[in-house]
Structure formats: structure tokens, C-alpha cells
Amino acid sequence: MPLAQHAQMLTQYKKWANERIFSMVGALPLEEALRQRQTHFGNMVHTLNHLYVIDSVFKAHLLGTSHGYTARNTPTPAPLAELHAKVRVLDQWYVDYAAALSDEELERSIAFEFIGGGAGSMTRYEMILHVVNHGTYHRGFVGDMMNQAGVTPDSTDLTVFLRDRAA
């Protein structure tokens, strides 16, 4: 599969998986989504907020602009519905961005500064792969918190996306 086609598939998967997790969290009583748990970001909504922040940071890196963040998350998350709307817009940006890139453009490196300090350099493809992989990792935490709330989450696995997309 050409690199550009692969990047397009990954961003479409990211959008699909985020929509599923936000729909599942949105179906919970709000107090469950905000319940403090033994997890790094404290609750489901703040974990999803972290995904939005990092996706926004890497969008800025891809565009060569400033992102304005000084930490990997904000002190408090946006309300769930507002956060979901912002993630939908950002996910569509990634889908459209990947669709416009050639293999050669995806292989070009971009230099940037990490939030915690230090210089970084990644190809556009590596940045896209990072935001997809990073989202998968943290959606897993949200799934675990859903299990703690007594709810079995639907799968957000790439295999399920590929199966459903092919059907």
C-alpha cells in the first residue's frame, strides 16, 4: 500500500474510533464520565481532552505554526459535548490533510520543539502515525474506566474498523 493511502486509512480510522469512544462516553451518566479514578488524567473526559491537546499540538507541528500549549493537557477539560465537537473538527482536518499529501510529502521531516523541552524531528507520516497510535493508547484507558463503571465498551480496534469499512 502506498504511504499516502496508508496515511489516509489511518486518519479515517482515528476519526471512526474517536467517534465511537465519544458516543460511548456520551451515553454514560455525566457523573460517571467525570468520576475520579486511579488513572493518569483522573477521568474519562480529561483523558479525551489530552488526546485533543496532543492532536492539536501535532497539527501545529505539521503546519509549522505555534500551538500555544505549555503542557500536554489543560488543567480542566472542556465540557464533553464541546470537546466532542472540537475533536470532530480536528479529526476531519487530519483526514483532509492526509488526503492531500503525496508519498514524497509524507516522507519529509519537520523540526519542532517538544512541550517538555528539546528539539524533535519527525516525518509527516511519523507524526500522523503518532497521533493515531497515541489515540489508540489513551482510548484504551477510557475503555478500562468504562469497565470500572460497569459498562463493556464497544471495540475501537483497527481490525473492527477495517472489517466494517469493507462491509
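Just so you know, all these numbers are worked out from the coordinates, no wet-lab data involved. Bear in mind the structure is a predicted one, so any value in this text is a computation, not a measurement. Every residue, glycine among them, receives a Cβ derived from its backbone with ideal geometry; neighbour counts consider all protein chains shown.
If you go through region 133-159 and keep only what is β-branched (Val, Ile, Thr) and under 18 Å from Met9 (Cα atoms), you end up with Thr136, Thr156, Thr159. Touching a residue at least 60 places away in the same chain (Cβ under 8 Å), surrounded by 11 or more Cβ atoms within 10 Å (Cβ to Cβ) and assigned to a helix (DSSP H, G or I) - does that describe any residue in region 149-157? Looking for residues that are touching a residue at least 60 places away in the same chain (Cβ under 8 Å), surrounded by 11 or more Cβ atoms within 10 Å (Cβ to Cβ) and assigned to a helix (DSSP H, G or I), one finds none in region 149-157, hence no. Give me the residue from region 117-148 that is without any contact (Cβ under 8 Å) to a residue 24 or more places away in the chain and outside any strand (DSSP E or B) and, out of that set, farthest from Ile54 (Cα to Cα). Filtering region 117-148 for residues that are without any contact (Cβ under 8 Å) to a residue 24 or more places away in the chain and outside any strand (DSSP E or B), the one farthest from Ile54 (Cα to Cα) comes out as Asn147.
Evaluating Gln36 against the criteria (1) without any contact (Cβ under 8 Å) to a residue 24 or more places away in the chain; (2) closer than 21 Å to Met146 by Cα; (3) surrounded by 13 or more Cβ atoms within 10 Å (Cβ to Cβ); (4) not basic (Lys, Arg) leaves one unmet condition, (3). The residues in region 100-117 that are among the small types (Gly, Ala, Ser) and under 29 Å from Val45 (Cα atoms) can be counted, and the count is 2.
Looking across region 111-120, the residues that are within 20 Å of the chain's Cα centre (by Cα) and either over 15 Å from Gly64 (Cα atoms) or not acidic (Asp, Glu) (or both) come down to Phe112, Phe114, Ile115, Gly116, Gly120.
Here is the figure for region 101-116: residues that are touching a residue at least 24 places away in the same chain (Cβ under 8 Å), more than 22 Å from Gln8 (Cα to Cα) and acidic (Asp, Glu) total 0. Total residues in region 39-78 satisfying the condition of being part of a loop (DSSP other than H, G, I, E, B) and either surrounded by 11 or more Cβ atoms within 10 Å (Cβ to Cβ) or not small (Gly, Ala, Ser) (or both): the figure is 16.
A single member of Ala81, Ala98 is in contact (Cβ under 8 Å) with a residue 40 or more places away in the chain, loosely packed, with under 12 Cβ neighbours inside 10 Å and assigned to a helix (DSSP H, G or I), and it is Ala81.
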